[in-house]
Amino acid sequence: MTVLPLVFDAPKRGMPPRHLADLSREEAREAVSELGHPPFRADQLARHYYRGVTDPAQMTDLPSAARETLTEALLPGLLTVVRHQTADDGRTRKTLWRLHDGALVESVLMRYPGRATVCISSQAGCGMACPFCATGQQGLTRNLSAAEIIGQAVAAAAAMANGELDGGPGRLSNVVFMGMGEPLANYARVRKTLDALLTPAPHGLGLSQRSVTVSTVGLVPAIRRLTDEGRNVTLAVSLHAPDDELRDTLVPINTRWKVGEVVDAADAYAKRTGRRYSVEYALIRDVNDQPFRADLLGKLLAGRLAHVNLIPLNPTPGSKWDASPLPAQREFVARLRAAGVATTVRDTRGQDIDGACGQLAAADAEPGVPSVAVGPLAGARREPASGGGQGGPSTVEPPVELGAEGDQ
Ligand code: SAH
């Protein structure tokens, strides 16, 4: 396994053209005026966009002359489906997207009884270099623009509304930033994305704050910044080890911000929002799953506003590590609970399509390859990625009790 450097500053190249979703409502109205149309057309355009409509022919409330101009100027196609893959009896669907510069990212839509969650990417690749994560091993290609991130959620909302997932039409209820990338390393654009997810129609998807989760390796200054903003989205911290010695190797950013600083920053966030944060912990056989580490984690978190979400490690190509065996998982859970720490085990949706947490690794396409719009499942021109596993991140949702439905 290669040891990669930490990368904070994304390459500047490759950002896509301006899109309505990059703009605030005011900016959108201004942009529409500059194009010679009355500002309220921005609201009409936004309503179509957030409903997944980008075909001018369907925008019948706009005069035909305005449709083409406004769509061309403000709704450039930023995400092209390379292919969809489904799993879990059609209830999980991973989508590989090609961006305007050939970069590839993935998102994963998961349907559960009573809700649907999309796991979205915030960067192409990732600079955080976690050795057990397929995306981390790819390195960072570039930040996504706000519209490229928002577009993944909008596409998922439209897919649910159109009944593209097994189970008929439904509603997208949750968004988790657990796809490719470190969301807090792309702070300003992720912040804009939160606005779009939470703002009611026409300028957003109107999701509730608690149903949006931002997951981070623990960029302490950015957690503090998020704390100072008014939003109350759910925070997830990828801890993976209770002690600095081990965490320095599993989550290399720990060499900069230590375990104690990370949980203190998360605590401050939780105190401000009044809601618990979740501590993500991938159980890796004989690496971080020992009973003494469960006790250390219990001691670290007892009395804090934290909830532990254990993830049996998802295998990634070339990794020497395995998931913890079930008895070790059970022992880990029991010790945490005995310490008074709320603990659940996440299911592993999408594992067989490399769509589970830490598996997303869409390889970067060569720049200059023309991007071709292909329909879902229709002929993808190239195999996506990933030397060995394209997959993606996700799987987040419903934390499932050990022994309950789901992955066990
Ligand atoms: N960069 C963010 C979000 C992306 S990953 C973060 O690290 O939080 C979403 C979650 O999947 C994180 O908790 C991450 O640590 C975890 N993960 C990464 N690789 C994994 C793997 N191989 N198996 C299980 N979980 C993994």
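The values are calculated or read from the model by the stated rules, or taken from the named source; none is laboratory data. No experiment lies behind these values; they were computed from the predicted model shown. Here the Cβ positions follow ideal geometry from the backbone for every residue, glycine too, while neighbour counts run over all protein chains shown. Side chains are part of the model used for accessible areas, which takes the heavy atoms of the whole protein and leaves out ligands, DNA and RNA. Shrake-Rupley method; radii C 1.70, N 1.55, O 1.52, S 1.80 Å.
List pairs: first residue in the stretch 327-353 and touching a residue at least 40 places away in the same chain (Cβ under 8 Å), second residue open to solvent by 50 Å² or more (accessible area, probe 1.4 Å) and of a type in the set (Val, Ile, Thr) anywhere in the structure, Cβ distance under 8 angstrom, at least six positions apart or on different chains.
Between residues of the stretch 327-353 that are touching a residue at least 40 places away in the same chain (Cβ under 8 Å) and residues that are open to solvent by 50 Å² or more (accessible area, probe 1.4 Å) and of a type in the set (Val, Ile, Thr), the close pairs are ILE353/THR86.
Does the stretch 136-150 hold any residues that are more than 10 Å from the ligand (Cβ to nearest atom) and not in a helix (DSSP H, G or I), and which are they?
Step one: of the stretch 136-150, the residues more than 10 Å from the ligand (Cβ to nearest atom) are 138-150.
The answer is GLN138, GLY139, LEU140, THR141, ARG142, ASN143, LEU144, SER145.
Conditions first: (1) over 15 Å from ALA362 (Cα atoms); (2) assigned to a loop (DSSP other than H, G, I, E, B); (3) within 12 Å of the ligand (Cβ to nearest atom). GLY181 passes all but one, so which condition is the exception?
In the conditions (1) over 15 Å from ALA362 (Cα atoms); (2) assigned to a loop (DSSP other than H, G, I, E, B); (3) within 12 Å of the ligand (Cβ to nearest atom), GLY181 misses (1) alone.
Residues being surrounded by fewer than 17 Cβ atoms within 10 Å (Cβ to Cβ) and either assigned to a loop (DSSP other than H, G, I, E, B) or in contact with a Phe, Trp or Tyr (Cβ under 8 Å, 6 or more places away or on another chain) (or both): count how many of those fall in the stretch 198-214.
4
Report, by residue number, each residue of the stretch 1-35 that is buried (at least 16 other Cβ atoms within 10 Å of the Cβ) and without any contact (Cβ under 8 Å) to a residue 60 or more places away in the chain.
Answer for the stretch 1-35, where residues must be buried (at least 16 other Cβ atoms within 10 Å of the Cβ) and without any contact (Cβ under 8 Å) to a residue 60 or more places away in the chain: LEU23, ARG29, ALA31, VAL32.
State which residue is nearest to the ligand (Cβ to nearest atom) when the search covers only the stretch 321-343 and only residues that are in a loop (DSSP other than H, G, I, E, B) and open to solvent by 20 Å² or more (accessible area, probe 1.4 Å). I'd like the intermediate steps shown before the answer.
Taking the stretch 321-343 first, the residues in a loop (DSSP other than H, G, I, E, B) are 321-322, 324-325, 339-341.
Of the ones still in play, those that are also open to solvent by 20 Å² or more (accessible area, probe 1.4 Å) are 321-322, 325, 339-340.
Numbers: TRP321: 8, ASP322: 10, PRO325: 15, ALA339: 21, GLY340: 23 Å.
Going through the qualifying residues, I end up with TRP321.
Of all residues in the stretch 244-262, which are closer than 20 Å to ALA306 by Cα and either touching a strand residue (DSSP E or B) at 6+ places or on another chain (Cβ under 7 Å) or away from the ligand (no atom under 14 Å from the Cβ) (or both)?
Here is the first cut: in the stretch 244-262, the ones closer than 20 Å to ALA306 by Cα are 244, 247, 251, 254, 257-262.
Passing the criteria: ASP244, VAL251, LYS258, VAL259, GLY260, GLU261, VAL262.
Name the helices (runs of 4 or more DSSP H) wholly inside the stretch 224-320 in which the number of residues that are open to solvent by 30 Å² or more (accessible area, probe 1.4 Å), of a type in the set (Asp, Glu) and over 20 Å from GLY340 (Cα atoms) is 1 or more. Before the answer, list the steps.
Working: elements: 244-250, 259-273, 291-301.
Correct list: 244-250, 259-273.
Specify which of the listed residues (ALA241, ALA188) is of a type outside the set (Lys, Arg), away from the ligand (no atom under 14 Å from the Cβ) and over 15 Å from the mean Cα position of the chain (by Cα).
Values: ALA241 fails: away from the ligand (no atom under 14 Å from the Cβ).
Criteria check complete, one pass: ALA188.
Restricting to the stretch 344-359, give me the number of residues that are open to solvent by 10 Å² or more (accessible area, probe 1.4 Å) and farther than 25 Å from TRP97 by Cβ.
1
Would you check which residues across the stretch 149-171 are in contact with a His (Cβ under 9 Å, 6 or more places away or on another chain) and open to solvent by 60 Å² or more (accessible area, probe 1.4 Å) and list them?
GLU164
Would it be correct to say that ARG111 is open to solvent by less than 30 Å² (accessible area, probe 1.4 Å), charged (D, E, K, R) and away from the ligand (no atom under 16 Å from the Cβ)? Give the derivation first.
Details: open to solvent by less than 30 Å² (accessible area, probe 1.4 Å): no; charged (D, E, K, R): yes; away from the ligand (no atom under 16 Å from the Cβ): yes.
Judged against the criteria, ARG111 is not a match.
If a residue must be surrounded by 15 or more Cβ atoms within 10 Å (Cβ to Cβ) and under 21 Å from GLY77 (Cβ atoms), how many such residues does the stretch 36-63 contain?
17
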